[in-house]
Amino acid sequence: MNDPLLSIKDLRIHFQLPQGTLQAVDGVCLDIDKGQIMGLVGESGGGKSMVGLSVLRLIPEGGRIVSGEILFEGKNLLALSDDEMRDIRGADISMILQDPLTSLNPSFRIKSQIVDVLKLHKGYDKKEAEIIATELLHNIGFPDPEKNIHKFPHQLSGGMRQRVVIAIAFSCNPKLIIADEPTTALDVTIQAQILRLLKNLSQEYQTSVLFVTHDLGIVATLCDRVAVIYAGELVEQALTRELFTNPKHPYTKALFRSIPRHDKRQDQLYSIEGMMGTPIDWPARCKFYPRCSEKEKMCDHADFVDFVTYAPDHFVRCLKCR
Amino acid sequence: MLQIILSVALSVDEKGRFLELHDCLVKTANLKKYYSEERRLAFFSVGSVKSVVRAVDNLDLHIHRHEVLGLVGESGCGKSTLGKTILRLEEPTSGKIFFENQDITHYSHDSLKLIRKKMQIVFQDPASSLNPRKTVFKIISQPLNVHGLVSGKRDTIDRVADLLQKVGLERDHMDRYPHQFSGGQRQRICIARAIALSPTFLVADEVVSALDVSIQAQILNLLMILKNDLNLSILFISHDLSVVRQISDRVAVMYMGRIVETAPSENLFSAPRHPYTRALLSAIPIPDVQIGWNPVILKGETPSPSRRPEGCSFHPRCPEVFDLCDKEDVELVEISAGHSVACHLYRGQESPGKTASSKDTP
Amino acid sequence: MQIKRFLTNGKVLFGGFILLLLVFTSIMAPYIAPHDPNEQDLTATKMPPFWMEGGASEHLLGTDSLGRDVLSRLLYGSRVAMFVAVVGTFFAGLIGVTLALLSGFYRGAIDNLISRFVDIWISFPPILLSIVLMAVLGTGLTKVALAIILVDWTRFCRVIRGEVFNVREKDFILAAKAIGLGNLRIILKELFPNIVPLLTVLVTLEMGIAIIVEAILSFVGLSVEASVPAWGQMIALGRLYIHQAWWIMVFPMVCIITSVLGLNLLGDGLREVLDPRLKVMGMK
C-alpha cells in the first residue's frame, strides 16, 4: 500500500477575534491517495474552505496554523520556505476557486494568463507556451480556442471562464488539485459539463482532487471518498458508497434527510434544529451536541470525542459508535 | 377607482375568456419585457447598433388561487424579471397583466397601491433585502404604516410581534438590526414583511438559494405552512429543481424568455417532455450511490440574450433537433391534461382544439 | 448605535477634540480673548511670545507689527474659520447631495443632465474660480462662504452619486417600492440614511478644505475685510516679518495645520468606526 499523496495530520487553524478565539479548523486528519478524488462536505462556516486553502498556505489574514502537519509526498508543506512553497503552487498543487470572474485577472487576456503560468513553472518561451495553451484549451472542450484565447475574462461566460481556470490549473500537470466549490456559481447544465471534464482530466492525468463542496449530489457522482466536516472537525469519513448507504454520524444522517431531491417528493423536509453558529471558544466536547436528535446523557459528560474506526476505512466521531 | 371598474368591464369581451380569467389569481397575456441597449460600433464612429435583450418574450402564464407555481430556469432566462414585471416593479414593454380579473398593466401609482397590499415579493439576497440602518420593528411596521393598517404604537408592536412569531422568530428580535441575524433569520424577516399586508399572492424569487441546505429546509417548511394558513398563491422562482419539486403544485420551465414546458409537478418530474427539461433534470447530481448519473450534455451554452436564434430558440443546443427547428418558431401547446410543451417534436399531438393560452384549469 | 466604538477610536477622539476646541474658541472668543484683536499698541509692536526674551504675560503669544495681540487675533480668527467651514460645508453639501440623490436614483436623462453640468463646472480650476468669484462678489465673510459653496458642491455631488448608485441596487429599495412607497419617501427614508456614513466623512474632509481655501483667499487679500482677523491674513502680514518676528506667521500656520489635521483624522476615524462594524458582524 503506497503512502498517501497528501496527508493532513491534526491541523488546527485559529483566528483571534475581539470576541475570542475562532477555532476554524480544529484537529482535522485527512489522507488522499494518488489519483483519488476526495470530497470534503459541510455547510458554510464549517471550515471546509479553510482546510483547502491551508494546503497551499493561502489562509486569510489573521489566521494562525496553531498545530499540525500537511505532508505532501512526505514533505511537510507547513515547514517549507516561501520560495519553496511558490514553486509548488501552480505546479505540483493547483487551486480552482468558486468565482471564476474574480479568479482571473480582468485586465489581461486569457492567453497571457495561461502562458504566464507555463512560462513560470515549465520554463517555456512565449511561442511554445502559446501553442501548448491553445492545445490545452482544445482538449478541455473550450469552444474555438484560436479565436477565444485572445479575449478578456469579462467577454466570456461563467462556464467558459471556469474552463479557463481549469486549464490553468491543469497546465503544469499537477499531482493535486484543490477545488473549492468550483461549480456553485454555475448553471446546472454547465455544471454537468464541468464535473464531467474534471472527472476525465483527473483520470487521464492521474491527478488527485480535494473537492470542497456543500452539495452531496456532486459528491455521490464524482468522489471516491468523502469526509464530512462540522464546526472545524471531521465527524465522518468513508468511501463514498459506504457513507451514502451506511451513514453513522447524526449530522451526516440529518444532512441526508434535509436534502430535497428532484427524483422523489418528500412530504416535509427534515430540518436540523438550530444553527451551527460560530465556533468561538467552544468547550471541548461533542460540537454537534446542541443540535443532535440522537443525543444521550453520556454525550454531555464526555469532554473529548475521538475519531474512531467504525468499520474498515469508515471513521466516525460519535460516542454512540464505539 | 374608475380604472378598476373599467378593467373589470373590459375583461368581459368574450364569454369564454371571462370564465377562464375567473379561475386565475394572476394571469399574463403576451407579456414582453425588452431591454434595449445602444452600442457604438467602434470608438469614434457615428453609427450604432441597437441590441435588444428579450428578458420576457411573449409570455402567457396563469396562477390559480392557493397554488404554488414553480418557475425554473437557468441564469439569464428571465424568471426574475418575470416575477418583478408581474408585480409592476419593472414596467412591461407590452402585453397584459391581470390580477384578480383586473387588468393592472397600466394602473397608476395610486390604483396600484391598493393592489400592492395583495401581492408581495421576497428576494434572494438576505443581506441586501433589508435596510441595514433600520431595526426589524421599523422594517416590518413600515408596510403596515404605509397602508394605515395599524393605530398607535401599542397596536403596531403587537402586530409586528405576531408576524415575527408566525415566521418562527422571537418578539424581542424586533429591536435588533439586520446584521445581527443569520442569513436564514433574515429571510424570515423578509417573509414577515411580505406577509404583513396579508397578501394573496407572493413572489418568492430564489429565496433559499443563498442559504445552507439545512436552513433551506426550514424556510421551505415555513413557506408551506404559510401557504396553507394564509391561503397564499406563490410564484416560486428557482434554478434548483430539487427545491422546486418539494414545494410546487405546478411547474413551468423557462428558457430565453419563453416558457418551454409547464405541467403539474409530479408529471413534469416523472415524465418530462421538452428536451431542455430532460437535459436539465438529468444534469442534477443525485445524492444517491445506487442511481447512476448520466447527464445529457448539451452542446455549448445559452446564447447571449440579445441574439436569439432563429426558429426555436433552443435548437442550437438541442440533442433532438431536426430540420424544422431552425425555421419555424414554436408555440406552447397542451399535449395532455395540464401538460403543455413548446417543441416541434410534439407537433400534431395537441389535445383537440386547445392551445395553452385558452385552456381551462386542470 | 454603539457610542462606545466611537469613543475608543484614537482618531475620532483626537479629531473630535480639535473640533470641539474650535467650536469652543469660535463661540467664546469675545469672552476669553485677553485683548481686542484690532487694538493697536504702537509701543509694543513685534513683541515675542511670553517664554522668550522680551516677552510678557500680557501678550502670551506676542504681538504683530501693529502691536495687536496675536493670541486674541488667533481666537477671533477661529470664528472666521469655523463660519466658513460650517456654512460653506452645509450648503455645498445640501446642493451636492440633493443633486446626487436625484441623479443616482432616477438615472437616465436626469443623471446625464446633472453629470454633464457637474463635469463642466469641475473643469474650472477651483482656486482660480474662487478668486474670480471673490473679485466679482467683493470681499466679506459671507461672500467667502458663498465662493466655497459654489466651488465645492461638485465634490459632494460626485462622491455621493457613486454611493447612491451602489445603494440603489439593493433589494430593500425594491422591497420598499413593492410595499407601495412613493419615490420621494424611498429616497429620503430608505436611501439617504444609508449614505450618511460616507457623507459624515465627506463633511469633515470638506470642513478642512474650506478652512484652507479661506486661508488662501485671505492670503491674497480677497477674503474678509482687513478689520476682521483671519488666519490667512495673519500669515500674509506675518510673511513680511518672518526674520524679525517669526511668531506672527507661525502661530496662525499652526492653527490651520492643527484644525485641518484634526478634521481629517476625525473623518478617517469615523470611516473606520462606521464601516467595519457592519463587516465584522457579518463575518463567519
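Is at least one residue of the range B:199-206 more than 9 Å from every other protein chain (Cβ to nearest Cβ), crowded, with 23+ Cβ neighbours inside 10 Å and without any contact (Cβ under 8 Å) to a residue 60 or more places away in the chain? Checked the range B:199-206: no residue is more than 9 Å from every other protein chain (Cβ to nearest Cβ), crowded, with 23+ Cβ neighbours inside 10 Å and without any contact (Cβ under 8 Å) to a residue 60 or more places away in the chain.
Considering the range C:1-101, the qualifying helices (runs of 4 or more DSSP H), each wholly inside and each with 2 or more residues that are within 24 Å of the chain's Cα centre (by Cα), of a type outside the set (S, T, N, Q) and within 20 Å of residue C:260 (Cα to Cα), run over C:10-32, C:70-83.
Between A:145, A:153, A:106, A:174, the distinction of being touching an Asp or Glu at 6+ places or on another chain (Cβ under 6 Å) and either farther than 30 Å from residue A:18 by Cα or touching a residue at least 40 places away in the same chain (Cβ under 8 Å) (or both) belongs to A:174 only. Only residues that are under 21 Å from the mean Cα position of the chain (by Cα) and not in a helix (DSSP H, G or I) were counted across the range A:141-172, and they come to 2. Just one of (1) more than 13 Å from chain B (Cβ to nearest Cβ); (2) surrounded by fewer than 20 Cβ atoms within 10 Å (Cβ to Cβ) fails for residue C:164. It is (2).
Criterion applied to C:187, C:216, C:211 was being modelled with pLDDT of 90 or more, within 24 Å of residue C:125 (Cβ to Cβ) and either assigned to a helix (DSSP H, G or I) or within 14 Å of chain B (Cβ to nearest Cβ) (or both), and the one residue passing it is C:211. Of everything in the range A:214-231 that is touching a helix residue (DSSP H, G or I) at 6+ places or on another chain (Cβ under 8 Å) and within 19 Å of residue A:278 (Cα to Cα), the residue that is modelled with the lowest pLDDT is A:214.
Looking at the range C:186-197, is at least one residue over 30 Å from residue B:113 (Cβ atoms) and under 22 Å from the mean Cα position of the chain (by Cα)? Within the range C:186-197 (the criterion being over 30 Å from residue B:113 (Cβ atoms) and under 22 Å from the mean Cα position of the chain (by Cα)), the answer is yes, since at least one residue qualifies. Scanning the range C:262-276 for residues that are aliphatic (A, V, I, L, M) and under 11 Å from the mean Cα position of the chain (by Cα) yields one hit, C:263. Just one of the listed residues (C:239, C:271) is of a type in the set (D, E, K, R) and within 30 Å of residue C:11 (Cα to Cα), namely C:271.
Within the range B:207-252, the set of residues being within 13 Å of chain A (Cβ to nearest Cβ), outside any helix (DSSP H, G or I) and small (Gly, Ala, Ser) comprises B:209, B:210, B:238, B:248.
Answer yes if at least one residue in the range B:153-169 is in a helix (DSSP H, G or I) and touching a residue at least 60 places away in the same chain (Cβ under 8 Å), and no otherwise. Yes, that holds for at least one residue. Scanning the range A:162-211 for residues that are within 11 Å of chain B (Cβ to nearest Cβ) and of a type in the set (Lys, Arg) yields A:163, A:196, A:199. Summed over the range B:137-152, the residues that are in contact with a Leu (Cβ under 8 Å, 6 or more places away or on another chain), outside any helix (DSSP H, G or I) and without any contact (Cβ under 8 Å) to a residue 40 or more places away in the chain give a count of 1.
Taking the range B:334-362 as the range and being at pLDDT below 85 and part of a helix (DSSP H, G or I) as the test, the residues that pass are B:356, B:357, B:358.
Of the strands (runs of 3 or more DSSP E) lying entirely inside the range A:2-84, those containing at least 1 residues that are in contact with a Gly (Cβ under 6 Å, 6 or more places away or on another chain) and closer than 29 Å to residue A:255 by Cα are A:6-17, A:20-32.
Only one entry of A:101, A:136 meets the criterion of being part of a helix (DSSP H, G or I) and within 14 Å of chain B (Cβ to nearest Cβ), and that entry is A:101. When restricted to residues that are buried (at least 18 other Cβ atoms within 10 Å of the Cβ), of a type outside the set (Ser, Thr, Tyr) and more than 7 Å from every other protein chain (Cβ to nearest Cβ), the range B:270-297 contains 4. Restricted to the range A:212-322, the set of helices (runs of 4 or more DSSP H) holding at least 1 residues that are touching a residue at least 12 places away in the same chain (Cβ under 8 Å), facing chain B (nearest Cβ under 9 Å) and under 30 Å from residue B:238 (Cα atoms) comprises A:216-222, A:240-245, A:250-258.
The values are calculated or read from the model by the stated rules, or taken from the named source; none is laboratory data. On a predicted model such as this, the values are computed, not experimentally measured, just so you know. Cβ: placed from backbone, ideal geometry, glycine included. Neighbour counts: every protein chain shown.
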